[in-house]
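Every number in this text was worked out from the coordinates using simple rules, so none of it is lab data. Not measured: the values here are computed from a predicted model. Quick reminder, even Gly has a Cβ in these numbers, built from the backbone with ideal geometry, and neighbours come from all protein chains shown.
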Amino acid sequence: MSGIQWLLLSILPRSLGEAMEKESRLWMQRCSQCGAETSIWEDGGIRYRAAGRPRRLRRCPTCGPNWHEVYKRTAPANDRNSA
């Protein structure tokens, strides 16, 4: 957990913090070069009540610095109820 995540989760009401984490886990970053994906939350960020599909220049753990597309998944990838 990053410092900003820890700070916000410690000062916000629990229900808001849980909603923020849940939505941030739905926002993904995909490398335009190799297709590697990570969630915004796992990368130490927060994206809550956001819109749009920005592109960011960041370091890919697989292939180095590249552009990453940010998008929102429609459902959690590991949700057992969706199958």
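Scan segment 58-71 for residues that are part of a strand (DSSP E or B) and either in contact (Cβ under 8 Å) with a residue 24 or more places away in the chain or closer than 29 Å to residue 16 by Cα (or both) and jot them down.
58, 60, 66, 67, 68, 69, 70, 71
Tell me which residues, restricted to segment 1-28, are outside any helix (DSSP H, G or I) and either surrounded by 12 or more Cβ atoms within 10 Å (Cβ to Cβ) or of a type in the set (Ser, Thr, Tyr) (or both).
Correct list: 2, 12, 27, 28.
Out of everything in segment 35-57 that is within 16 Å of residue 17 (Cβ to Cβ) and either basic (Lys, Arg) or touching a residue at least 60 places away in the same chain (Cβ under 8 Å) (or both), what residue ends up being surrounded by the most Cβ atoms within 10 Å (Cβ to Cβ)?
Filtering first and then ranking leaves 47.
Could you list all residues from segment 29-56 that are among the β-branched types (Val, Ile, Thr) and assigned to a strand (DSSP E or B)?
38
Being within 26 Å of residue 7 (Cβ to Cβ) and among the β-branched types (Val, Ile, Thr), is that true of even one residue in segment 42-55?
Scanning segment 42-55, I find at least one residue that is within 26 Å of residue 7 (Cβ to Cβ) and among the β-branched types (Val, Ile, Thr), so the answer is yes.
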